[in-house]
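Q: Pasting a structure below so you can have a look.
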Amino acid sequence: MNPDDRWDHEVRDAYHRPIEGEAQARERAIARLRREARARRSRMGAWWVDPDVLRVRPLVFAASLLAVLVIGAWAGARWMASRGAPAPPRSIATLTGESTAVTFVFRAPGATRVSLVGDFNGWDPNATPLARATTGDVWTTRVSLEHGLHAYAFVIDGRDWAPDPSAPLAPVTTFGRRNSLLVVGEDQAL
Amino acid sequence: MRRRLAWALTALWLVSGRAYGDESEEARLRARLKPEVATSVIEVVRSAAAQGLPTAPLVARALEGASRQAEDAAILDAVRRYSAGLAAARRALGPTARASELDASAGALMAGVPEDSLASLRRARPSGSLVIPLVVLSDFVARGVPVASASNTVLAATRAGAADPALLRMRERIHERILRGEEPSGASREGLRELLMKTPGTPKERGNRDPHEKGRP
């Protein structure tokens, strides 16, 4: 073995020779890294509940809030449009032989009194008062009607007349306002 | 002998009932209207009864006017015009028309629907009730559909054999379209097209034709 080869061999041996305490040092380093990672996770959890962690400029906060509201309103409007307009409460007819029990339903926000007038009660605003539903602004009453065509309207607080938004309208305005039309007993159709 | 007696009692019961009904109507009118207005309205009502026209709609119009606190002249005018409408409806629909059909027709005629449109409806549905088609037609006119378009729409649907529930669904769909801002005439055309596409026995291509074209349907 020439001197050069010997030198090369010694260097290689020195390179592969284990360093005293290396394994312990590696374990200590890994343990330290794990401790620090746990500590970092703990600090990130505290970020959600710590009251003074989040700092934001009021202008940025207001702009962000406005953007969220605008996007939410736009998405809500699109969703409502895809579902169609909200349906008004509908009057319901139940056929019972020669007469028909009809439940009239009317939404009157802010009203204190609602009554039903029509061909069937002589258009008397005191004859058929509606009762307010337990919740909301919906008023209802149930009337037994003979088969045939009936014109009717609702009177709000004794002075304002309104047609039923869910029913067909009469074609002419005899006394300034249109009435609604109700058909009972025709192929069981309202 | 017993059969004759039964017939006589039945006739007496019917006559008394009719008389009671008339008296009841007149009593209601006198109770709600000024005496001179009530007298004039009762004359119109009696004249209509003599022609075989239904009187209940006339009484109802008068009572409605009283409840709405309309002018006396307006009440009398409304009753007279409605009586004329009932008579015109009888001419258009024929002597066998039911009271509710005459009532619905009178309103349509007063809104400008021509008599021959009602006669065409009668021919399109010779035996069934026309009340629902007339109510749907009236609703279209009330919501701004031109009279000619409204008449053609209902007539085409009736000729295609659309039943009353289908007509009512068409009315709701057209109403929704108008609420969404569509032009009423176009909304009625689209509503009819949808109905014809779904009506059993109707050729699909028929639904693609424009029933508002001249000469159709």
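Q: Pop a pseudo-label 7 angstrom from the Cα along the beta-carbon direction at both A:Ala37 and B:Arg159 and give the gap in nm to one decimal.
A: Computed distance between label sites A:Ala37 and B:Arg159 equals 8.2 nm.
Q: Ok, one more. Show me the ranking of peptides B:38-46, A:117-125 by mean Cβ neighbours inside 10 Å, starting with the highest.
A: The peptides rank, most packed first, as A:117-125, B:38-46.
Q: Does the stretch A:92-184 classify as rounded, prolate or oblate by the C-alpha gyration tensor (a ≥ b ≥ c root eigenvalues; a/c under 1.5 gives rounded; else a/b over b/c gives prolate, otherwise oblate)?
A: In terms of gyration-tensor shape, oblate.
Q: Please give the contour-minus-distance gain from A:Arg132 to A:Val70: 0.36 nm per residue of separation, less the Cα-Cα distance, rounded to one decimal in nm.
A: Difference between extended and current length: 18.7 nm.
Q: Hey, another quick one. Arranged by the count of other C-beta atoms within 10 angstrom, fewest first, what order do A:His9, A:His16, B:His175, A:His147 take?
A: A:His16, A:His9, A:His147, B:His175
Q: Roughly what percent of Cα-Cα pairs across the stretch B:66-206 reach past 26 Å?
A: 27
Q: Expected output is a single nm value to one decimal: the length gained when fully extending between A:Glu22 and A:Thr173, i.e. 0.36 nm times separation in residues minus the C-alpha distance. What is it?
A: Details: separation 151, 0.36 × 151 = 54.36 nm, distance 10.12 nm.
Stretched out fully, the A:Glu22 to A:Thr173 stretch lengthens by 44.2 nm.
Q: Residue by residue through B:128-137, how many Cβ atoms from other chains fall within 10 Å of the Cβ on average?
A: 4
Rule-based calculations on the coordinates, nothing more; no lab input. Since this is a predicted model, take the numbers as computed values, not measurements. All Cβ positions, glycine included, derive from the backbone under ideal geometry; neighbour counts span all protein chains shown.
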